[in-house]
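Take a look at the structure below.
The values are calculated or read from the model by the stated rules, or taken from the named source; none is laboratory data. A quick note: this is a predicted structure, and the numbers were derived from the prediction, not measured. Don't worry about glycine lacking a Cβ; one is built from the backbone with ideal geometry, like all the others, and counts go over all protein chains shown.
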Amino acid sequence: MERLELLGLPLDPVDMQEALERIGGFLRGEGTHQVVTLNPEIAVRAWEDEALRRAILEAELVTPDGVGILWAVRRLRGVALKERVTGVDLTLALFRRFPGIRVYLLGGRPGVAERAAQEARRLGAEVVGFHHGYFQEEEGVVEDIRQKAPDLLLVGMGERQEVFIHRHKPHLGARVAMGVGGTLDVLAGEAQRPPAWAQRLGLEWLLRVGLDPKRWRRAPRLFRFAYLVLREKG
């Protein structure tokens, strides 16, 4: 299916298998390909942040991350997407699909990326480098990534990640660069995923927000996303 438009942003209506096939093509190609896992919060932020909007518009793959995205596509475009393709699920699927894939992990508090690297190795990836996300000077980090030339760069830096990848895309030397949010925390054992039943029902985000007071300030963006969708529907 051709790329869709959602609230002025691109969205590729792929399921997990199709996303893996697309990324497989990127891994065989030249240059760096950016993957964005689009959720309602990112969509709302893109209305306020032109740099983020540009990063999404120019990404080579934008996957549907979150039940809110599936709901919006069904309501606005009449398309029923098969499933969510989230950052953490896509990361784990890539490790399974491409054993020995060369990975660089960037993000998290000091020590998190190192522990995430240990788990990534256990899952079959070849970790060529890692760095925490608490840095000010970007040039040294970008140069380290370029020298390591990973197949897959995973960036878990919250609201900075998509723009960081887009800004340095010509110099990263990675075949695929993907913002993965809290995935490094999950790999490192710092955060637990909600129960499988919550993931199947698409309630993962609700449990995360409800159980973590630090996420409560982000809840208004979810309501604004729903408002924007309903306003466009008319």
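Within region 164-183, identify whether any single residue is of a type in the set (Ser, Thr, Tyr), surrounded by fewer than 19 Cβ atoms within 10 Å (Cβ to Cβ) and either touching a residue at least 12 places away in the same chain (Cβ under 8 Å) or not in a helix (DSSP H, G or I) (or both), and answer yes or no. Taking every residue of region 164-183 in turn, none turns out to be of a type in the set (Ser, Thr, Tyr), surrounded by fewer than 19 Cβ atoms within 10 Å (Cβ to Cβ) and either touching a residue at least 12 places away in the same chain (Cβ under 8 Å) or not in a helix (DSSP H, G or I) (or both). In region 140-155, of all residues being part of a helix (DSSP H, G or I) and β-branched (Val, Ile, Thr), the one that is surrounded by the most Cβ atoms within 10 Å (Cβ to Cβ) corresponds to ILE145.
Consider region 31-51 and keep the residues that are in contact with a Ser or Thr (Cβ under 9 Å, 6 or more places away or on another chain) and among the polar types (S, T, N, Q). The one that is farthest from THR86 (Cα to Cα) is ASN39. Residue check: ARG160 meets all listed conditions (1) of a type outside the set (S, T, N, Q); (2) assigned to a strand (DSSP E or B); (3) closer than 23 Å to ALA59 by Cβ; (4) free of Cβ contacts under 8 Å to residues at least 40 places away in the same chain but one, namely (2). Restricting to region 44-103, name every residue that is part of a helix (DSSP H, G or I) and of a type in the set (Phe, Trp, Tyr). Within region 44-103, TRP47, TRP71, PHE95 qualify. Screening the candidates GLU2, GLU30 for the property of being more than 26 Å from ALA149 (Cβ to Cβ), assigned to a loop (DSSP other than H, G, I, E, B) and free of Cβ contacts under 8 Å to residues at least 40 places away in the same chain yields one hit, GLU2. Annotation: LYS148 fulfils all but one of (1) touching a helix residue (DSSP H, G or I) at 6+ places or on another chain (Cβ under 8 Å); (2) modelled with pLDDT of 95 or more; the unmet one is (1).
Selection within region 99-139: residues that are among the aromatic types (Phe, Trp, Tyr) and surrounded by 19 or more Cβ atoms within 10 Å (Cβ to Cβ). The member of this set that is nearest to LEU154 (Cα to Cα) is TYR104. One residue alone among ARG28, ARG22, ARG54 is basic (Lys, Arg), within 17 Å of GLY87 (Cα to Cα), surrounded by fewer than 21 Cβ atoms within 10 Å (Cβ to Cβ) and at pLDDT 95 or above, and that residue is ARG22. In this structure, is GLY129 under 15 Å from the mean Cα position of the chain (by Cα) and either closer than 24 Å to ALA55 by Cβ or not basic (Lys, Arg) (or both)? Criteria not met by GLY129. Once region 187-202 is narrowed to residues that are within 30 Å of ARG146 (Cβ to Cβ) and modelled with pLDDT under 95, the residue that is surrounded by the fewest Cβ atoms within 10 Å (Cβ to Cβ) is GLY189.
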